[in-house]
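Chemist: The structure follows.
The values are calculated or read from the model by the stated rules, or taken from the named source; none is laboratory data. Just so it is clear, the model here is predicted, and its values are computed rather than measured. Cβ sites come from the backbone with ideal geometry, for glycine too, and all protein chains shown count toward neighbours. What goes into the accessible areas is simple: the full protein's heavy atoms, side chains included, and nothing from ligands, DNA or RNA. Shrake-Rupley method; radii C 1.70, N 1.55, O 1.52, S 1.80 Å.
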Amino acid sequence: MLPAPPPILPLPPAMDRLGKIIDRDLYLSTTMPLFSLWRQHRGTSNLQSRLHRLPHPARHLLQHLATHGAPVVLTTPPWTATQIDAAVHRGPHKSAHDYVEFLRDELADMVDRSTWMVLPYHCVRGLPNLRISPMGVVPQHERRPRPIVDYSFSFVNHDTAQLSPPEAMQFGRALERLIAHIVHSDPRFGPVHFIKIDIADGFYRVWLRLEDIPKLAVTIPNLPGEPPLVALPLALPMGWTQSPPYFCAVTETIADLANLRLHKRRRPPPHRLEGLANTPTPTPDEPSPPSIHAPCTPFPPANPLVYKHRRMLATCDVFVDDFIGAAQGSHQRLTTVRRNLLAAIDDVFRPLMPDDPPTRTEPISTKKLLQGDAAWETRKKILGWILDSVAMTITLPPRRLQRLTTLLDAIPPTRKRLALRSYHQLLGELRSMALALPGARGLFSHLQAALATATSNRLRLHSGFHRALQDFRWMRDDVSQRPTRLQELVPTTPSLIGTHDAAGPGAGGVWFPHPSVTTRQARLLLLHPDGHLHRVSPRRPGPVVWRMPFALPVQTQLVSADNPTGKINNSQLELVGAFLQDEVAAHCFAVRERTIKSSTDNLNTLYWHRRGSVTTTSPTATLLRHQAIHQRFHRYLPLRDYIPGLDNRMADDASRLFHLSNAEFLAYFNQAYPQITPWALYTIHPSMRSTVTSALLPSRSPPASFLRDPAKLHTTGMRGSLFAPRYPWILPWTRSVTASPTCKSSPTDSDTATSTPAAELCAARPWRMPYATLGKRSRLWGPPTHA
């Protein structure tokens, strides 16, 4: 039953626009029930009325949102009057009081746009299911502050039933998908161009269910003499846990419809906003990032193992409310791609109509169009990064690079304590930047371990914390001089496949290069037919084996049944083997901007590598840090996989047969695992031996102590008969495949790629590597049942 209209109580003289609006709505609340007032105030839905006709599985859900709004279902009993009064008495967060003038102006605008309504508390106190949450304000760089509601503080988020489709939130890997499309685009069709199209007012374009509005009410600052005020959202509010998935259900559907249009090669007519969309991007005031065309960073040759699209690229993706288009071709083709995206938005969001109130705006942000976001460009700022499809780089904008410098400089090495809030700010900023900084994931171990020392709202900074910050300073200097190439971020068909292992005596491993790989002028040991060893620099890529015995102090600290008090476990030795495996690849072959894949029979090592960091200060953290810096320096992309121990015989022998001399060891390998090209033995450099020993004992090594420039490349490569193992150790080689242009996928989602049958297929199976990129399970996302 709807509540009766409350008695009208006069307000003090209104001193601002919001106060006048409150007076108006307070009077209207005496003429009709509040629920009827809300229905009348918000008017017609921003979504189209016939969404059930869309060619998409989510059409019934979108039709439900357009007709009824998003439901708010809480799993706990309604609040008592005492709880409600206490929440109103507490009031909004401090940030709301700091921006009181801005917040009241913003609320007045949102009430005019029919997305909120503000009333005195006494007017809504008797509403059923009323709950009160505090309002806050989040400042933003070069943008207006963003009002947000802390529904977690009031436990509304915790008590909300999860009814929205979580599979709709696919924006987490939008940037990775875009980079993958650029890398796999065929350069014959020209560079990739980008556009951005933003949805104005975002979440506020989707209504809430009418009877659920009181559950998301918030308290806001009031002026002196005003009674307590309560704001009620009529649409999805910022801060509610179900707002993102419900809104993303709408925008992801639009992206799917746009890609479906592109797949069917639709040619829509000119769009009403096309003139604004042609606005060029103004010249930026910020200085340009460093060019990668410096003499010290020549481009490596094109990787023939990278799959290239057979058609010109044309795709759309979305990050919450920011649509991103990427396409190749002529100006006419680019215009057609943009028209398809604009038309797909109009298929779901209702365009501005002549009978709409003057406060309603176009769903597509015309402000962003006038800033040049929808102008096709090969270099554009997208999702906080600068993408350049000509130089094939991704860089931090100067502002973010300066912010990183400011955060790092604010914590000098002499600092002993840090506020927990500043710690979370630093960690969040560094993690957001790590996406396009290869190797950065391995530098977080000591930063995460510092959280264990937190007491109340402060934490103690240990030496490992400051060493980690020093590593980030090194990476900041490196990325400011050499932007990241996109090829360093997208896994492709591996150029090298191998395995590694470690045990008490030492570590060892093997590498099998693809015939297209260029060798370096490294001095390797080859066994001459007369039984003597020769140091040579092979021009032709062939199998390489390496081994390194552990120092006696390391062996004596290994945990075993006879030494239960040791400080080094076998999994950490396996991690050393993985690190040395990458070192061998970088110094024997041209792995810059190439994918390399190595398998291990130790699950802990596999888990550590895929996670990137740990929350301890053990040797594990140090070794992951070394591998991260090594990857950034040598610019390769490592993949890890698991191989059963029984199938890891070559690496197992390499890590244990130290009683054999080098000549005897190579003779054994050539006999036990014969190849067309004989085995070559790589000797680990003394500086690297010292580095891994120091990491296990442990002590810290600066990057300069183990980062060595690899030997020069051979200028010409031999192309004769291709080597391959003659027995069950043959390795599969195949090109990776990518999704269709209408699919959105994660570059890390994978499936086993097909390969040429080996001599014994069962023996070759452990070498298979899941590196083939998969698409989504279907071209169109959507819930399996009707809403």
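Chemist: How high is the relative contact order of region 6-165, given as a whole-number percent (alpha carbon pairs under 8 Å, six or more residues apart)? Walk me through the intermediate numbers first.
Modeler: Working: 135 pairs, mean separation 41.3, N = 160.
Relative contact order comes out at 26 percent.
Chemist: Can you give the local net charge around LEU646? Use residues other than it whose beta-carbon is closer than 11 angstrom to its beta-carbon, Lys and Arg +1, Asp and Glu -1.
Modeler: On the way: positive: ARG649; negative: ASP601, ASP647, ASP652.
Result for the neighbourhood of LEU646: -2.
Chemist: Here is a further query. Whole number in Å², please: accessible area per residue of region 315-374, 1.4 Å probe, ligands, DNA and RNA not counted. Present the calculation step by step, with values, prior to reporting the outcome.
Modeler: Values: 2190 Å² over 60 residues.
It amounts to 37 Å² per residue over region 315-374.
Chemist: At 222 nm, what value in deg cm²/dmol follows for the chain if DSSP H runs of at least 4 each add -39500 (n - 2.57) and the sum is divided by all its residues, to the nearest 500? Present the calculation step by step, with values, prior to reporting the outcome.
Modeler: Numbers: 25 runs with 257 residues, N = 787.
Mean residue ellipticity at 222 nm (helix-derived): -9500 deg cm²/dmol.
Chemist: Loop by DSSP (not H, G, I, E, B), at most 15 other beta-carbon atoms within 10 Å: where is the longest site-free stretch of the chain for GluC sites (Glu not before Pro)?
Modeler: Numbers: sites that count: GLU142, GLU760.
Answer - 143-759.
Chemist: Output ³J(HN,Hα) for region 616-633: one whole-Hz value per residue in order, computed from phi by the Karplus curve 6.51 cos²θ - 1.76 cosθ + 1.60 with θ = phi - 60°, and x for Gly and Pro.
Modeler: 10, 10, 6, x, 4, 4, 5, 5, 5, 5, 4, 5, 5, 5, 4, 5, 4, 5
Chemist: Continuing with the same structure: At 1.4 Å probe radius, can you tell me the per residue accessible area of region 68-171 in Å²?
Modeler: Details: 4880 Å² over 104 residues.
Dividing the accessible area of region 68-171 by its residue count gives 47 Å².
Chemist: What's the magnitude of the charge dipole for region 571-696 around its Cα centre, counting Lys and Arg as +1 and Asp and Glu as -1 at the beta-carbon? Answer in Debye, nearest 20. All intermediate terms of the calculation are to be shown ahead of the outcome.
Modeler: Details: 12 positive and 10 negative charges, 108 e Å.
That gives region 571-696 a dipole magnitude of about 520 debye.
Chemist: Something else about it: May I ask you to evaluate 6.51 cos²θ - 1.76 cosθ + 1.60, the Karplus curve with θ = phi - 60°, for each residue of region 582-592 and list the ³J(HN,Hα) values in order in whole Hz, giving x for glycine and proline?
Modeler: Values per residue, Gly and Pro as x: 5, 4, 5, 4, 5, 9, 9, 9, 7, 9, 4 Hz.
Chemist: Would you work out if the chain is rounded, prolate or oblate? Take a ≥ b ≥ c from the square roots of the eigenvalues of the alpha-carbon gyration tensor; rounded if a/c is under 1.5, else prolate when a/b is larger than b/c, oblate otherwise.
Modeler: Working: a/c = 2.45, a/b = 1.82, b/c = 1.34.
It comes out prolate by the Cα gyration axes.
Chemist: Using +1 at the Cβ of each Lys and Arg and -1 at the Cβ of each Asp and Glu in region 30-129, identify which of LEU54, THR75, SER36 lies farthest towards the dipole's positive end.
Modeler: After comparing all options, I get LEU54.
Chemist: Can you say what percent of the DSSP beta bridges in the chain, counting only those with both residues inside, are antiparallel? Round to 5. Show your work: numbers first, answer last.
Modeler: Details: 67 of 86 bridges.
Beta bridges within the chain, antiparallel portion: roughly 80 percent.
Chemist: How large is the dipole of the chain about the Cα centre if only Lys and Arg carry +1 and Asp and Glu carry -1, each at its Cβ, rounded to the nearest 20 debye? Numbers along the way, then the final one.
Modeler: Details: 90 positive and 60 negative charges, 312 e Å.
The calculation lands at about 1500 debye.
Chemist: A follow-up question, please. Hey, what's region 414-466 come to in accessible area per residue, 1.4 Å probe, Å²?
Modeler: Values: 2470 Å² over 53 residues.
That works out to 47 Å² per residue.
Chemist: State whether region 110-189 is rounded, prolate or oblate according to the following rule on the C-alpha gyration tensor (a ≥ b ≥ c being the square roots of its eigenvalues): a/c under 1.5 gives rounded; otherwise a/b larger than b/c gives prolate, and the remaining case gives oblate. The partial results should precede the final answer.
Modeler: On the way: a/c = 3.20, a/b = 2.15, b/c = 1.49.
Verdict is prolate for region 110-189.
Chemist: What chymotrypsin sites (Phe, Trp or Tyr not before Pro) in region 135-217 are in a loop by DSSP, with at most 11 other Cβ atoms within 10 Å of the Cβ?
Modeler: The qualifying sites: there are none.
Chemist: What order do SER705, SER613 take when sorted by accessible area (1.4 Å probe), most exposed first? Before the final figure, lay out each step's value.
Modeler: On the way: SER705 45, SER613 5 Å².
The ranking, largest first, comes out as SER705, SER613.
Chemist: Right, here's the next one. Going by average Cβ neighbours within 10 Å, how do the peptides 622-628, 89-95, 675-681 rank, with the highest at the top? Present the calculation step by step, with values, prior to reporting the outcome.
Modeler: Numbers: 622-628: 25.4, 89-95: 16.0, 675-681: 19.0.
Highest-to-lowest ranking by the protection proxy: 622-628, 675-681, 89-95.
Chemist: Ok, one more. Kindly work out what percent of the DSSP beta bridges joining two residues of region 77-236 are antiparallel, to the nearest 5. Mind dumping the intermediate values first?
Modeler: Working: 14 of 17 bridges.
Among the beta bridges of region 77-236, antiparallel pairing accounts for roughly 80 percent.
Chemist: In what sequence, highest mean first, do 406-412, 517-523 appear when ranked by Cβ atoms within 10 angstrom? If you can, show how the numbers build up before the last one.
Modeler: On the way: 406-412: 12.9, 517-523: 18.9.
Put in order of decreasing packing, that is 517-523, 406-412.
Chemist: Run the numbers on the chain and let me know its relative contact order in percent, using alpha-carbon pairs under 8 Å that are six or more apart.
Modeler: On the way: 1443 pairs, mean separation 104.5, N = 787.
Normalised by residue count, the contact order of the chain is 13 percent.
Chemist: Along the charge dipole of the chain, pointing to its positive end and built from +1/-1 on Cβ of Lys, Arg, Asp and Glu, which listed residue (ILE394, VAL138, ALA468) has its Cα farthest out?
Modeler: Positive-most Cα among the choices belongs to ILE394.
Chemist: Something else: Could you tell me the distance between the Cα centroids of region 232-277 and region 108-123, to the nearest Å?
Modeler: Each part's Cα centre sits 26 Å from the other's.
Chemist: Ranked highest first by the average count of other Cβ atoms within 10 Å around their residues, in what order do 235-244, 499-508, 47-56 fall? Mind dumping the intermediate values first?
Modeler: Working: 235-244: 22.1, 499-508: 25.4, 47-56: 16.2.
Sorting 235-244, 499-508, 47-56 by mean packing, highest first, produces 499-508, 235-244, 47-56.
Chemist: Something else now. Give the shape of region 290-416 as rounded, prolate or oblate, defined through the alpha-carbon gyration tensor: a ≥ b ≥ c are the square roots of its eigenvalues, a/c under 1.5 means rounded, and otherwise the shape is prolate if a/b is larger than b/c and oblate if not. Before the final figure, lay out the partial values.
Modeler: Working: a/c = 2.93, a/b = 1.32, b/c = 2.22.
Because a/c hits 1.5 or more and a/b fails to exceed b/c, region 290-416 counts as oblate.
Chemist: Right, here's the next one. At 1.4 Å probe size, with no ligands or nucleic acids counted, give the accessible surface of ASP321 in Å², nearest ten.
Modeler: 40 Å²
Chemist: On to the next question. What do you reckon, how do TYR607, TYR121 stack up by accessible area (1.4 Å probe), largest on top?
Modeler: TYR607, TYR121
Chemist: Considering only protein heavy atoms and a 1.4 Å probe, what is the carbon-and-sulfur percentage of the accessible area of the chain? Mind showing how you got there, number by number?
Modeler: Details: 18860 of 33520 Å².
Within the chain, the accessible surface is 56 percent carbon and sulfur.
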